[in-house]
Structure formats: C-alpha cells, structure tokens
Amino acid sequence: MADIFDTELIRSTFRLATPLILAALGGVLSERSGVVNIALEGMMLAGAFFGMLGSYLTGSPWVGVALGMAAGGVFGFIHAALTHRMRLNHIVSGVALNILALGLTTYLLRHIFREAGSSPPVTGLPDWDVGILAKLPLVGQSLSGQNPLFYLSIALILGLNVLLFTTPAGLRIRAAGEHPEAAETVGIRVGLVRYLAVTGSGVLGGLAGVYLSLGQLNMFTEGMSAGRGFIALAAVIFGKWTPFGAAGAALFFAFFDALQMRLQGQTIGGLTIPSEFMLMLPYLLTIIALAGVVGRASAPAALGRQEE
Amino acid sequence: MRISQIVGTAGVPVAALGAAFGAAAIVVLVSGGSPMESFAAMFSSAFGSGTAVGETLVKSIPLMLTGLAVALGLRAGLFNIGAEGQLLVGALAAAWVGFALDLPAVIHIPLCLAAGVAGGALWAFLPGLLKAKRGVHEVITTIMLNHVAFYLTHFLVTTRLKDVHTMAPQTPEMHATARLGWLIEAGGLHWGILVAALCVVAFAFLMARSVIGFELKAVGFSPDAARTAGINVSGMIVLAMVLSGALAGAAGAVEVMGVHHKFYDQFSPGYGFDSIAVALLGNNTAVGTALAAVLFGALRNGALGMQLATDTPKEIVTLIQAIVIVFAGMRFLKNRVPGTRGSRDPGLRADTQGRADAANP
C-alpha cells in the first residue's frame with residue numbers, strides 16, 4: 001500500500017494538475033475583474049479541439065497551441081461581449097458557451113474527420129528534460145521531463161500573481177471586480193478591463209484544453225474536458241481567488257485524481273475498490289471542498305453583478 | 001391577453017429561434033450543405049407522418065419534465081444543471097422497483113413513479129442544502145453530481161442490478177405491471193404523456209395559485225426582500241431544488257417505464273442538458289416549457305433523419321440550442337424599464353446614475 005506513494009505519483013499529479021492550473025488561473029483572472037466564468041469547460045474543450053486541428057493541419061504541435069489559445073480567446077471574447085455589452089446573466093452566458101463548445105467541437109469532429117468519437121492521432125507536444133530541476137530533492141525527478149505547458153503554468157502562476165497584485169493593470173482589474181462604479185469615476189474603463197481579462201481567461205482556458213489533446217492523448221475525443229473546467233472553477237473558489245491558492249487547490253484535486261488512477265483495482269484490506277468509485281472521487285472531492293470553504297467573503301465584491 | 005401582450009411574450013422565443021436557425025443555416029452553408037434541404041429533411045422527419053409525430057411527442061415527454069425541473073429552479077433563482085444526473089438516478093430507481101417487485105399494476109406503476117421522483121429529489125437535495133447553508137454555487141455541485149450519477153448508475157447496472165441473463169449493462173426487464181402502455185401505437189406514444197401533462201398543470205397551479213409558488217418566486221426575485229418578508233429563504237432554496245430534482249427523476253422514471261422497460265447504460269441522449277434550453281425558451285412557464293419541449297423533441301427526432309438524408313451532422317441541434325439559450329437568456333437582463341439602472345436609455349432620470357450609464361460603453 002505504501003509503495004504507491006512514490007515519484008511516479010508525484011509526476012502524475014503534476015501532469016494532471018497542469019490543465020487544472022491553467023484553467024484555474026484563467027478563472028482567477030476573469031473573476032477578479034468581476035465576471036463569473038462558468039464557461040471554462042467550454043473554453044477548454046474548444047482549445048483541445050482547435051489545438052488538435054492545428055497540429056493535424058500543419059504537423060506542428062506549436063501551431064496547435066497557438067490555434068487552441070486563439071479558439072479559447074474567441075470564446076472568452078464572446079463571453080465578455082455577452083456579459084458586458086448585452087448584460088446577459090453570467091451563468092446563462094457560461095452555460096450557453098459550454099453547450100456551444102460541445103456542439104461545435106462534436107459537429108466539426110464529425111464533419112471534418114467523418115468519424116464519431118475521436119480524431120486521428122496527431123503530433124503532440126514533446127516532453128522536456130530540465131536537468132537543473134531534476135536535482136531538487138524529493139520532487140526533482142517529477143519536475144523534470146514534463147510537458148512544456150507545465151513549466152509555462154508555473155511561470156504563469158508567478159506572472160499572474162505579479163500582474164494582479166503589484167502592477168497598475170492588476171489594480172485596475174481588481175477594482176473592476178470589487179467596485180466597478182468607483183473604478184469608473186476614477187477613469188478606469190471597466191468595460192475594456194473586463195473584455196481583456198475575460199478574453200485572457202479564455203486564452204488560458206484554451207491553453208488548458210490544448211494540454212489535454214496535445215499534451216496527454218495526442219488526439220481529440222468528444223467531450224474530453226470531462227468536467228475539468230468546473231473543477232478548475234472550484235479550485236478558484238477553494239483557492240480564494242488568488243493565483244497561488246488556485247494552483248494549490250488544483251494540485252490538491254490532481255493529487256487525488258492521480259491517486260485514484262493508482263488505486264484502481266487495488267485491494268485495501270481485502271476489498272477491491274470498484275473503479276467507478278475511484279473515478280467519482282475528483283467530483284465528490286470538489287463538492288466536499290466547496291462545502292468546507294467557510295463563507296464567500298473572499299470573492300471579489302462585484303462578482304457576477306449584472307448592473308454593469 | 002391583448003394581442004400586443006401575446007406578441008410581446010412570444011417575441012423573444014420567436015426571435016431566439018429565428019436567430020438560432022439563422023446561425024445554424026450559416027454553419028450548414030459554410031460546411032457545404034444546403035440549409036433549406038437540411039431543415040426540410042428535419043421537419044419531415046419530425047412531423048412527416050403519424051408515426052413521426054408520435055415519436056416526436058415521445059421524445060418531448062422527458063424534455064417536458066426536465067424542462068419543468070429547470071424552470072422551477074430558475075423561478076427560484078437557482079440553476080439546476082443537474083437534471084441529467086437526477087434523471088439517471090430516478091430512472092434506475094424506477095427500473096429497480098419495476099423488476100424487483102411483483103405487484104398489481106395499480107400499485108406498481110405509482111410506486112415506480114414514486115421511486116423515480118424520490119431518486120431525483122434525493123440527488124438534488126445535497127446541492128440545495130449546500131447552497132442554502134453554505135452558499136455553494138449550485139451550478140458546480142449539480143454538475144459534479146451529474147458525473148457521480150453517471151459512474152454510480154454505470155457501476156450498479158454492471159454489478160448489483162445487472163441482468164444475469166445477458167452480457168449487456170442493463171437491468172432485468174421490468175414486469176409488465178410496471179410498464180406504461182401505449183396510448184397511441186403509432187410512434188410508441190405511451191401514457192407518460194399524461195404524466196407530463198399533469199405535471200405541466202401542477203406546475204402552473206403551483207406557480208400561479210399556491211403560497212409555496214409565491215414564496216419560491218419571491219426568493220427568485222430577491223432573496224433579501226423575501227427574507228425581510230419573513231419567508232424561510234433557506235428552506236425555499238432546498239425545497240426548490242428538491243422539487244426540481246423530483247421532476248427530473250420523474251422524467252427518468254417515465255422514460256424507462258414507457259419506452260425502454262429497463263435501465264440500460266447510457267440510455268439518455270442528454271435530456272437533462274436539452275432541458276436548459278427548453279426552460280429558457282419557454283420563459284420558465286408551464287405552457288411555454290411544454291411547447292418548447294415539443295419543439296426540441298421535434299429537433300431531436302428530426303435531426304437523425306436529417307443526418308441520414310443530407311449528411312448534415314445532427315450536432316447542429318446542439319448549436320441551435322446554445323444560441324437559443326443566449327437569446328432566450330437575455331430575459332435575465334435586470335430592469336428593462338427605461339430610466340432605471342441596467343438599461344441604456346437614461347429616460348427622464350438625468351442624475352448621476354444616468355451619467356454613469358452613459359459612461360459605460
């Protein structure tokens with residue numbers, strides 16, 4: 001039993017955490033500016049599909065990355081436009097975009113590839129051997145040899161933190177999310193800030209999706225985001241809307257996902273745990289985590305408000 | 001109602017559908033197909049014959065029930081995205097009571113329905129409780145439970161509740177006494193339509209005439225005001241979710257009792273997700289939801305025929321759905337009265353609020 005807690009588990013944790021971290025960072029960005037982003041799931045799915053498509057059409061996964069980011073960004077832009085300009089309820093907009101993403105990707109999958117269920121395999125992203133990191137104790141072996149998007153996600157955690165909490169731009173974003181009326185009176189263009197933040201959030205969501213198709217499976221399968229966008233949103237809440245908090249929560253969820261995979265079929269005390277219960281674990285855990293979060297005092301004050 | 005009122009009420013759904021079909025037409029065109037041909041194929045496949053109409057109505061039954069479920073939640077200000085999971089749990093519960101017990105039909109049928117209702121209600125209870133007590137957003141919890149329901153029912157239907165006489169992941173057939181028979185043989189229209197119709201009526205009555213309906217709506221409009229008025233907001237939130245789940249569970253029960261006569265893995269083509277569009281298109285009213293359900297039943301029924309006839313993938317219906325949600329959801333604009341916050345027409349109130357509105361692009 002104790003032998004499952006090894007480097008491989010940590011390596012899997014990092015691997016599974018990457019899309020969650022990226023999407024969660026997107027969630028932090030959007031929500032800090034005051035816009036609830038339920039559509040992370042759809043942005044991920046779109047990113048996964050268009051990332052695959054980019055790699056399929058050109059043979060280069062990096063083109064896929066760019067295309068996936070762009071697709072996510074488009075979804076983000078639409079979400080910003082619907083919620084800000086059309087003043088659509090944030091949740092309704094998010095739900096609509098999720099359904100749109102699912103329908104669009106499935107439609108295009110069948111239309112372009114004439115195949116139901118999954119795309120043909122494509123060139124995925126390579127794994128990078130980062131020698132320096134490998135020398136770190138304990139986690140070193142797991143930190144090296146990961147996907148470039150993993151390293152990017154670490155950089156983005158730091159970057160977003162710096163952006164939000166030390167730069168004037170970050171202040172504007174947070175002001176838009178806390179008290180948009182006051183922000184307007186001091187000249188901050190809340191609309192522009194939200195468009196940028198939510199589009200950026202879409203780009204990050206798309207990037208998370210690209211990781212799914214180009215970093216793990218090297219193909220696209222229908223609905224492959226499988227609820228991760230919502231788990232990422234839960235990570236944002238659990239992490240109290242900060243980059244480090246959200247990333248930490250994402251790692252937490254990913255750890256149990258990795259654990260679940262290792263435990264499949266294992267016997268504990270003579271009982272074989274059915275795989276379905278293991279598969280349920282990330283979703284149940286999310287609910288438990290959210291239930292345990294004490295109060296919503298840490299949310300941006302104007303989050304989800306529709307007056308603006 | 002006056003003509004202008006009817007036009008006003010029907011205006012948004014019609015516009016929503018128009019926009020959705022228009023966008024779908026563009027997508028079909030860009031994909032190299034013919035929108036006219038595709039839509040014609042869809043229409044004839046959905047309504048072209050007595051059998052087709054029957055099938056359309058059969059498909060609309062679960063949509064009607066889950067649509068009411070979502071509509072009820074929305075009236076109370078809650079987004080129940082968990083109808084799919086609640087439907088699955090309700091369906092399995094009903095199927096189980098259907099094959100495990102042998103009783104006269106007069107008892108068996110209501111019992112199966114009750115099991116379905118209870119299953120769905122139970123599944124929605126936790127999200128309701130968490131929202132009421134902890135403020136946890138029901139969108140996430142209901143979606144999470146959808147996934148849990150999927151795995152749980154899959155597990156049960158492949159192990160404990162599985163039919164031992166076959167390899168397929170399904171329960172044994174329900175006894176004849178637990179099945180809903182055919183009302184009209186063409187298309188397989190079963191008595192579930194009566195259940196759905198009764199729920200439509202019950203929903204309308206609840207919302208328009210009962211104290212509970214009033215309190216639910218009050219909570220939906222403004223929880224704070226409702227609380228000030230002495231309404232037990234927490235209780236209402238839980239009740240709304242439980243009732244919503246009950247309706248979704250009934251949808252699952254009716255499906256297995258009237259169509260499949262057993263629960264098999266992945267029997268639902270996603271009724272729970274269609275229901276969001278159905279409820280929004282129907283403006284969360286009883287009659288509106290019923291009509292929208294028939295429409296979406298037609299879309300789903302016709303889509304397969306359309307795909308076979310014209311090569312346009314049936315997922316175009318999902319696209320239509322998404323656009324319908326966006327347009328129909330515009331109703332959720334706060335304060336469309338000119339001169340108040342949230343509208344772009346400053347009206348006669350040229351005060352600071354008007355200036356702030358004007359400053360907002």
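Within the range B:167-180, the set of residues being within 14 Å of B:His261 (Cα to Cα), at pLDDT 80 or above and of a type in the set (Gly, Ala, Ser) comprises B:Ala176 only. Out of B:Ala41, B:Ala69, one residue alone is in a helix (DSSP H, G or I) and farther than 18 Å from B:Val242 by Cα. It is B:Ala41. Which one is surrounded by the fewest Cβ atoms within 10 Å (Cβ to Cβ), of the residues in the range A:25-52 that are within 12 Å of chain B (Cβ to nearest Cβ) and closer than 17 Å to A:Val162 by Cα? This residue is A:Glu31.
Could you list, in sequence order, all residues of the range A:215-226 that are buried (at least 23 other Cβ atoms within 10 Å of the Cβ) and either β-branched (Val, Ile, Thr) or not in a helix (DSSP H, G or I) (or both)? Result: A:Phe220, A:Ser225. The condition of being touching a residue at least 12 places away in the same chain (Cβ under 8 Å), away from chain A (no Cβ under 14 Å) and at positive phi holds for B:Gly187. The residues of the range A:142-151 that are assigned to a helix (DSSP H, G or I) and either touching a strand residue (DSSP E or B) at 6+ places or on another chain (Cβ under 7 Å) or modelled with pLDDT of 80 or more (or both), listed by number, are A:Pro148, A:Leu149, A:Phe150, A:Tyr151.
Name the single residue, out of those in the range B:123-138 being hydrophobic (A, V, I, L, M, F, W, C) and free of Cβ contacts under 8 Å to residues at least 40 places away in the same chain, that is farthest from the other protein chains (Cβ to nearest Cβ). The qualifying residue farthest from the other protein chains (Cβ to nearest Cβ) is B:Leu126. Scanning the range A:227-249 for residues that are part of a loop (DSSP other than H, G, I, E, B) and either away from chain B (no Cβ under 11 Å) or in contact with a Cys (Cβ under 8 Å, 6 or more places away or on another chain) (or both) turns up A:Gly239, A:Lys240, A:Trp241, A:Thr242. Residues of the range A:187-205 that are more than 19 Å from the chain's Cα centre (by Cα) and either more than 12 Å from every other protein chain (Cβ to nearest Cβ) or in contact (Cβ under 8 Å) with a residue 12 or more places away in the chain (or both): A:Ile188, A:Val190, A:Gly191, A:Val193.
The set of residues in the range B:282-320 that are within 14 Å of another protein chain (Cβ to nearest Cβ), in contact with a Leu (Cβ under 8 Å, 6 or more places away or on another chain), polar (S, T, N, Q) and part of a helix (DSSP H, G or I) contains only B:Thr318.
Conditions tested, residue by residue: (1) out of contact with any helix residue (DSSP H, G or I) (no Cβ under 8 Å at 6 or more places or on another chain); (2) hydroxyl-bearing (Ser, Thr, Tyr); (3) outside any helix (DSSP H, G or I).
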| site | (1), (2), (3) |
| --- | --- |
| A:Arg15 | no, no, no |
| A:Gly34 | no, no, yes |
| A:Leu57 | no, no, no |
| A:Gly68 | no, no, no |
| A:Gly73 | no, no, no |
| A:Thr83 | no, yes, no |
| A:Ala101 | no, no, no |
| A:His111 | yes, no, no |
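The criterion of at least 3 residues that are more than 21 Å from the chain's Cα centre (by Cα) is met, among helices (runs of 4 or more DSSP H) falling completely within the range B:155-261, by B:211-221, B:223-228, B:233-255.
For residues in the range B:323-339 being within 7 Å of chain A (Cβ to nearest Cβ) and crowded, with 24+ Cβ neighbours inside 10 Å, which is modelled with the highest pLDDT? Here the answer is B:Ile325.
If the condition is being within 13 Å of another protein chain (Cβ to nearest Cβ) and among the polar types (S, T, N, Q), then the range B:151-178 contributes B:Thr153, B:Thr158, B:Thr159.
Listed here are the residues, each with its yes/no results for (1) at pLDDT below 75; (2) touching a Pro at 6+ places or on another chain (Cβ under 8 Å); (3) among the small types (Gly, Ala, Ser); (4) surrounded by fewer than 15 Cβ atoms within 10 Å (Cβ to Cβ).
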| position | (1), (2), (3), (4) |
| --- | --- |
| A:Pro121 | no, no, no, yes |
| A:Leu125 | no, yes, no, no |
| A:Leu133 | yes, no, no, no |
| A:Pro137 | yes, no, no, yes |
| A:Gly140 | yes, no, yes, no |
| A:Ser153 | no, no, yes, no |
| A:Ile157 | no, yes, no, no |
| A:Leu164 | no, yes, no, no |
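Is it fair to say A:Leu212 is modelled with pLDDT under 95, assigned to a helix (DSSP H, G or I) and of a type outside the set (Val, Ile, Thr)? Criteria met by A:Leu212. When B:His147 is tested against (1) in contact with a Gly (Cβ under 7 Å, 6 or more places away or on another chain); (2) buried (at least 24 other Cβ atoms within 10 Å of the Cβ); (3) within 30 Å of A:Ile38 (Cα to Cα), only condition (2) is not met.
Within the range A:86-95, how many residues turn out to be in a helix (DSSP H, G or I) and without any contact (Cβ under 8 Å) to a residue 24 or more places away in the chain? Adding up the residues that qualify gives 1. Pairs are defined by a Cβ separation below 6 Å, a sequence spacing of at least 6 or placement on different chains, a first member in the range B:139-162 that is free of Cβ contacts under 8 Å to residues at least 40 places away in the same chain, and a second member that is in a helix (DSSP H, G or I) and crowded, with 24+ Cβ neighbours inside 10 Å; the pairs so defined are B:Ile140/A:Phe230; B:Ile140/A:Ala234; B:Met144/A:Tyr283; B:Met144/A:Thr286. Just one of the listed residues (B:Ala197, B:Ala229, B:Ala253, B:Ala293) is at pLDDT below 95, over 30 Å from B:Val164 (Cα atoms) and crowded, with 24+ Cβ neighbours inside 10 Å, namely B:Ala293.
Test B:Ile107 against the criterion of being free of Cβ contacts under 8 Å to residues at least 60 places away in the same chain, more than 9 Å from chain A (Cβ to nearest Cβ), in a helix (DSSP H, G or I) and not acidic (Asp, Glu), and give yes or no. The answer is yes for B:Ile107.
Count of the range B:160-188 residues, restricted to those that are surrounded by fewer than 16 Cβ atoms within 10 Å (Cβ to Cβ) and touching an Asp or Glu at 6+ places or on another chain (Cβ under 9 Å), is 3.
The values are calculated or read from the model by the stated rules, or taken from the named source; none is laboratory data. Remember, predicted model here, so these are calculated numbers, not experimental data. FYI the Cβ positions are ideal-geometry reconstructions off the backbone, even for glycines, and counts take in every protein chain you see.
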